[in-house]
Amino acid sequence: MEPRGTKRGAGKIEAAESRNKLPRLAPSLPTDPALYSGPFPFYRRPSELGRFSLDAQRQYHGDARALRYYSPPPTNGPGPNFDLRDGYPDRYQPRDEEVREGLDHLLRWLLEHRGQLEGGPGWLAGAVVTWRGHLTKLLTTPYERQEGWQLAASRFQGTLYLSEVETPAARAQRLARPPLLRELMYMGYKFEQYMCADKPGGSPDPSGEVNTNMAFCSVLRSRLGSHPLLFSGEVDCTDPQAPSTQPPTCYVELKTSKEMHSPGQWKSFYRHKLLKWWAQSFLPGVPSVVAGFRNPEGFVCSLKTFPTMEMFEYVRNDCDGWNPSVCMNFCDAFLSFAESTVVQDDPRLVHLFSWEPGGPVTVSVHQDAPYAFLPMWYVEAMTQDLPSPPKTPSPKY
């Protein structure tokens, strides 16, 4: 008969083993705004590293050929009378949204310029690479009540890449998009056509086709907290009359919104739409948004400029308003969460971060298709570029 102590010891070992077999709780990140209300985190003034263009066939060009020039109507003349429905649908060439581009255009730019990056290859190894639009979604998450998101993350050669995945709900919504919403999307692009010229000092030509394949993109470097960032975003136009012609401070963002007639409508606009405009423009350092307000017939009859750094003033005293510190602190916390979660360096391994309003950010792990997003041409080119390891001297006999 075994001594009692031995049995107790064996029982402890068995209990420890069974505890180890239990699945570990998957990590998650809360999104409640109250948790992120501390001081504004460090954010490095964004600097432009480069630019690229996408043409009418969505082909990549490593230059500024798609850049347009801000050309508003004269301030002393009659107000604008832009018919945003003009040309719809006959002169409209929308981008094929079934084509999932991922980070491909940005990766093409990165491949061409990785040798000239300020800070050298070592800087890229510690950076986060993504689209500006993905960061915008992170900034607005603590206040978002309707649309969830999914971000795929992979680590490769030290760099953390983030690429959005279309959620099943977003896909269903896109495929069932009502005609009115499709027309509203067109109207936003049409407004840009009324406000931009093809060359400095030129006049807008709203008689042409609206082709949403075309885009001019700025590639920027910044840092949020301890996270170096390399991201790219589409730019509507540059202002030849801007006080500084240095990008990104010469860039202008163009938006449309419906006319507002009551304090309640303005309050809702400041709480919701202005938050998204702020996040989208603050990240790349675009100094202002010019909004065209359209009437029910689809005509823009008034323009208003919203300086990015003054947008928060509209909600500062609103107890249900948004706070830039909360947005940036949450984004910083998410990046820290992602950095500590995605530790294995493998371009085929994907950590999928998922979020639905009202809940925390959760993580699931996937290998290869359908979530792997770093293309083979990029992985191979970056791998070939690595310096070869030093040869081991052969033993002397």
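Return the only residue of Val286, Val300, Val290 being without any contact (Cβ under 8 Å) to a residue 60 or more places away in the chain, touching a strand residue (DSSP E or B) at 6+ places or on another chain (Cβ under 8 Å), more than 19 Å from Ala34 (Cβ to Cβ) and among the β-branched types (Val, Ile, Thr). Walk me through it before giving the result.
Values: Val300 fails: without any contact (Cβ under 8 Å) to a residue 60 or more places away in the chain; Val290 fails: without any contact (Cβ under 8 Å) to a residue 60 or more places away in the chain.
Exactly one residue qualifies, and that residue is Val286.
Return the pair list, or none, for Cβ contacts closer than 9 Å from residues in region 95-109 that are within 14 Å of Cys217 (Cβ to Cβ) and aliphatic (A, V, I, L, M) to residues that are open to solvent by 80 Å² or more (accessible area, probe 1.4 Å) and modelled with pLDDT of 95 or more, at least 6 apart or on different chains. So the pair list comes out as Leu107/Trp377.
Conditions (1) exposed (fewer than 14 other Cβ atoms within 10 Å of the Cβ); (2) out of contact with any Gly (no Cβ under 7 Å at 6 or more places or on another chain); (3) polar (S, T, N, Q); (4) assigned to a loop (DSSP other than H, G, I, E, B), marked per residue:
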site: Ala26; (1), (2), (3), (4): yes, yes, no, yes
site: Phe52; (1), (2), (3), (4): no, no, no, no
site: Gln57; (1), (2), (3), (4): yes, yes, yes, yes
site: Glu97; (1), (2), (3), (4): yes, yes, no, yes
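Being of a type in the set (Phe, Trp, Tyr) and open to solvent by 20 Å² or more (accessible area, probe 1.4 Å) is a property that does not hold for Tyr161.
The single condition among (1) part of a helix (DSSP H, G or I); (2) touching a residue at least 12 places away in the same chain (Cβ under 8 Å) that Trp266 does not meet is (2). Within region 177-194, being open to solvent by less than 10 Å² (accessible area, probe 1.4 Å) and in contact with an Asp or Glu (Cβ under 8 Å, 6 or more places away or on another chain) holds for one residue alone: Lys190. On inspection, Pro39 qualifies as at pLDDT 95 or above and either more than 30 Å from Ser257 (Cα to Cα) or in a loop (DSSP other than H, G, I, E, B) (or both). Picking from Val219, Val210, which residue would you name as being in contact (Cβ under 8 Å) with a residue 12 or more places away in the chain, in contact with a Gly (Cβ under 7 Å, 6 or more places away or on another chain) and either open to solvent by 10 Å² or more (accessible area, probe 1.4 Å) or farther than 18 Å from Arg132 by Cβ (or both)? Of the residues listed, the single one that is in contact (Cβ under 8 Å) with a residue 12 or more places away in the chain, in contact with a Gly (Cβ under 7 Å, 6 or more places away or on another chain) and either open to solvent by 10 Å² or more (accessible area, probe 1.4 Å) or farther than 18 Å from Arg132 by Cβ (or both) is Val210.
The values are calculated or read from the model by the stated rules, or taken from the named source; none is laboratory data. Quick caveat, the model's predicted, so the values are computed rather than measured. Positions of Cβ are generated from backbone atoms using ideal geometry, with glycine treated the same way; all protein chains shown enter the neighbour counts. Each accessible area value is taken on the protein alone, full model and side chains, heavy atoms only, with ligands, DNA and RNA left out. Shrake-Rupley method; radii C 1.70, N 1.55, O 1.52, S 1.80 Å.
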